[in-house]
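First comes the structure, then the notes that go with it.
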Amino acid sequence: MTGNKWRAFRSKMAPLFTSGKLKSMYDVMNEVGDGLLEYLDKNKANEVDIREAMGLFSMDIIGSAAFGINPGVLKNPESEFRAIGKEISNPNWKNRVRIWFFFVFPKVAKFFGFSFQEGSLTNYFCNIIRNAFDYREKNDIKRNDFIQMMMQLKRFLQNNILE
């Protein structure tokens, strides 16, 4: 999106990122915190790599608060959600070239429809969001997380079509 359409959309999205909205997700994040305590308790006999533990915890927080799912990364560090999440920030040569190209030739990248990420990664997370939307709409589920806020925004936009 560009121009007025983008400005209007951005003005509707900005309130999703206020400190109040993030605070409303506290309960969702607290549940994941309980999972971290279980993980630490389960591994108390061994040395715990705190960086690894916090990475797993972070992935579960992102899955829960942002995508509305329980990826179970603390229970299964080899999960698909974590593997795909790690791939996004993987500093391999393809990602470096892609990012460089976007910064150096943004108009060319846009013209050819290049994506900032590999399509398979984008599709993975888009499918999670679509499935979460569908599941919640079919089962009338409400939860204090980013997906719920996006669903509310979607309804608002459908009722007040942006021009």
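The values are calculated or read from the model by the stated rules, or taken from the named source; none is laboratory data. Note that the coordinates shown come from a computational prediction; the quantities given were computed from them, not determined experimentally. Don't worry about glycine lacking a Cβ; one is built from the backbone with ideal geometry, like all the others, and counts go over all protein chains shown. When the accessible area is computed, the model is the full protein with side chains, heavy atoms only, and any ligands, DNA or RNA have been set aside. Shrake-Rupley method; radii C 1.70, N 1.55, O 1.52, S 1.80 Å.
Looking only at the stretch 126-140, which residues are of a type outside the set (A, V, I, L, M, F, W, C) and either in contact (Cβ under 8 Å) with a residue 24 or more places away in the chain or in a helix (DSSP H, G or I) (or both)?
Within the stretch 126-140, N127, R130, N131, D134, Y135, R136, E137, K138, N139 meet the criteria.
Being out of contact with any Phe, Trp or Tyr (no Cβ under 9 Å at 6 or more places or on another chain), surrounded by 11 or more Cβ atoms within 10 Å (Cβ to Cβ), within 26 Å of S11 (Cβ to Cβ) and of a type outside the set (F, W, Y) narrows it down to one residue among R96, R143; which is it? The conditions single out R143.
Within the stretch 99-125, being surrounded by fewer than 11 Cβ atoms within 10 Å (Cβ to Cβ), among the small types (G, A, S) and outside any loop (DSSP other than H, G, I, E, B) holds for G119, S120.
Filter the stretch 146-161 down to the residues that are assigned to a loop (DSSP other than H, G, I, E, B) and either of a type in the set (K, R) or open to solvent by less than 50 Å² (accessible area, probe 1.4 Å) (or both) and list them by number. Spell out the reasoning first.
Here is the first cut: in the stretch 146-161, the ones assigned to a loop (DSSP other than H, G, I, E, B) are 160-161.
None - no residue of the stretch 146-161 is assigned to a loop (DSSP other than H, G, I, E, B) and either of a type in the set (K, R) or open to solvent by less than 50 Å² (accessible area, probe 1.4 Å) (or both), so the list stays empty.
Elements of the type helices (runs of 4 or more DSSP H) sitting completely within the stretch 1-85 and holding at least 3 residues that are of a type in the set (D, E, K, R): these cover 3-13, 26-42, 50-61.
The set of residues in the stretch 88-98 being assigned to a helix (DSSP H, G or I) and under 29 Å from N144 (Cβ atoms) consists of I88 alone. Within the set of pairs 6+ apart or on separate chains, which have a first residue in the stretch 1-18 that is at positive phi, a second that is open to solvent by 90 Å² or more (accessible area, probe 1.4 Å) and in a helix (DSSP H, G or I), and C-beta atoms under 6 Å apart? Here the result reads none, with nothing in the stretch 1-18 linked to a residue that is open to solvent by 90 Å² or more (accessible area, probe 1.4 Å) and in a helix (DSSP H, G or I). So which residues in the stretch 127-136 are open to solvent by 50 Å² or more (accessible area, probe 1.4 Å) and not acidic (D, E)? Answer for the stretch 127-136, where residues must be open to solvent by 50 Å² or more (accessible area, probe 1.4 Å) and not acidic (D, E): N127, R130, N131, Y135. Within the stretch 41-62, no residue that is of a type in the set (A, V, I, L, M) sits with its Cβ atom under 7 Å from a residue that is exposed (fewer than 15 other Cβ atoms within 10 Å of the Cβ) and not in a helix (DSSP H, G or I) at 6+ positions apart or across chains.
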